Amino acid sequence: MTTPAPGLPMVVPAPDLPARVRIHEVGPRDGLQNEKATVPTKIKAEFVHRLADAGLTTIEATSFVHPKWVPQLADAEQLFPLLGDLPGVELPVLVPNERGLDRALALGARRVAVFASATESFARANLNRTVDEALAMFEPVVRRAKEARNGHDGKVHVRGYLSMCFGDPWEGPVPIHQVVRVARALLDMGCDELSLGDTIGVATPAHVQDLLAQLNEEGVPTSAIGVHFHDTYGQALANTLAALQHGVSTVDASAGGLGGCPYARSATGNLATEDLVWMLRGLGIETGVDLGRLTATSVWMAERLGRPSPSRTVRALSHEDRAPDQQEQ
Ligand code: HMG
Ligand code: MG
């Protein structure tokens, strides 16, 4: 055990957890995509730069989707060049189809993500396709991305998101075999990693572990799996711990708990990156993130958006919830 600095938890390691977790920060994409008021492109660029300055090394920057489908991210062409080449930082972007891939590659993107659904209802709502039509749309995207030569090592990394892995607002609980089938298809077409999305936040810890175990049984290695929890029912951290206990070491989170999906009612913000970092730090798990800088970034962004961050850690560390006699004079 070590004595905590002010504003940090005591470090009490737990057995059999990963030594390091890679946080896949989705604030600028998943966090902002649902905001009604247009966030100026310069503010988005500053957000990404501040996140990088706080030590995040994978920052999902935007989406090259149809601008009418996600108007908030219609400025992807203007934003991406403003981000520059941040040393040691990867800037993945969402690409639903070949048109999106062309736009992303033209700007030098080195990491792209396709986004599939485990359910027919969400595939239709989000992509205007059946599950299999969407997979057919992704196949040339993944193939061409793997043939492209934009990456540092000459390769483009491809992530395959898989939404509605636990429950779906139209279809209810989602059978695990449905998730496993689409996960397998994404890996078979060449995705380098999967991100399992609890889009509406209904998962609970044993459900997470069941899904991971069944994916392993179907030959999907834990090393290829990231988890993506939304915090609708306050379960995101518990679900993350369950995934870490299974060996997962890539966790998606959104600074300040921003987020939601415009095409899934009842999808609220993602797991807040600050809440995640607090827990990981307490467990002695390395992330490379400076919690103070990250919290300051979320407070800054909350001011721009005009409402406080829903993250408990941001609120605790930014004094908003302290009684007047606890505040510094
Ligand atoms: P569609 O209407 O079927 O499009 O939408 P289409 O293929 O019929 O094409 C229609 C027109 O759109 C054509 O133009 C295309 O060129 C154009 P026209 O010939 O008529 O002039 N078009 C594009 N323009 C710019 N960029 C593009 C593009 N593609 C087509 N990439 C489409 C199909 C996939 C385009 C649409 O459904 C779409 O953009 N969907 C994106 C929805 C989205 O971004 N949702 C949020 C992200 S997913 C999420 O948040 C979940 C996640 O966080 C994980 C979790 O929590 O579960 C990842
Ligand atoms: Mg999401």
Taking loop as defined by DSSP and a crowding limit of 16 other beta carbons within 10 Å, which GluC sites (Glu not before Pro) in the stretch 101-187 fit?
171
Principal axes of the stretch 3-124: Cα extent on each, largest first, Å:
51, 36, 28
The stretch 130-194-the stretch 233-304 distance, computed between alpha-carbon centres (Å):
23 Å
The chain: angle of helix 205-217 to the longest principal axis, Cα-based, in degrees nearest 10:
40 degrees
Hits among lysines - C-alpha to C-alpha of residue 68 under 24 Å, sequence gap 8 or more where chains match:
36, 42, 44
Where a ≥ b ≥ c are root eigenvalues of the Cα gyration tensor, a/c under 1.5 meaning rounded, otherwise prolate if a/b exceeds b/c and oblate otherwise, the stretch 67-107 counts as prolate
In Å³ per residue, the alpha-carbon convex hull of the stretch 88-163 encloses 77 Å³
Trypsin sites (Lys or Arg not before Pro) restricted to the stretch 27-75 and DSSP loop, no more than 10 other C-beta within 10 Å
36, 68
Per principal axis, descending, Cα span of the stretch 22-318 in whole Å:
44, 42, 36
Mind checking which aspartates and glutamates have their Cα closer than 12 Å to the Cα of residue 155? Skip sequence neighbours fewer than 8 apart in that chain.
147, 192
Computed lengthening from residue 144 to residue 218, 0.36 nm per intervening residue step minus Cα-Cα distance
24.0 nm
How much net charge surrounds residue 157 when only other residues with a Cβ under 11 Å from its Cβ are counted (Lys, Arg +1; Asp, Glu -1)?
+1
Helix 236-245 versus the longest principal axis of the chain: what angle, 0 to 90°, nearest 10, using Cα atoms?
70 degrees
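Values in this text are rule-based calculations from the coordinates and carry no lab data. As the structure is a prediction and not an experimental result, all values here were calculated from the model. Every residue, glycine among them, receives a Cβ derived from its backbone with ideal geometry; neighbour counts consider all protein chains shown.
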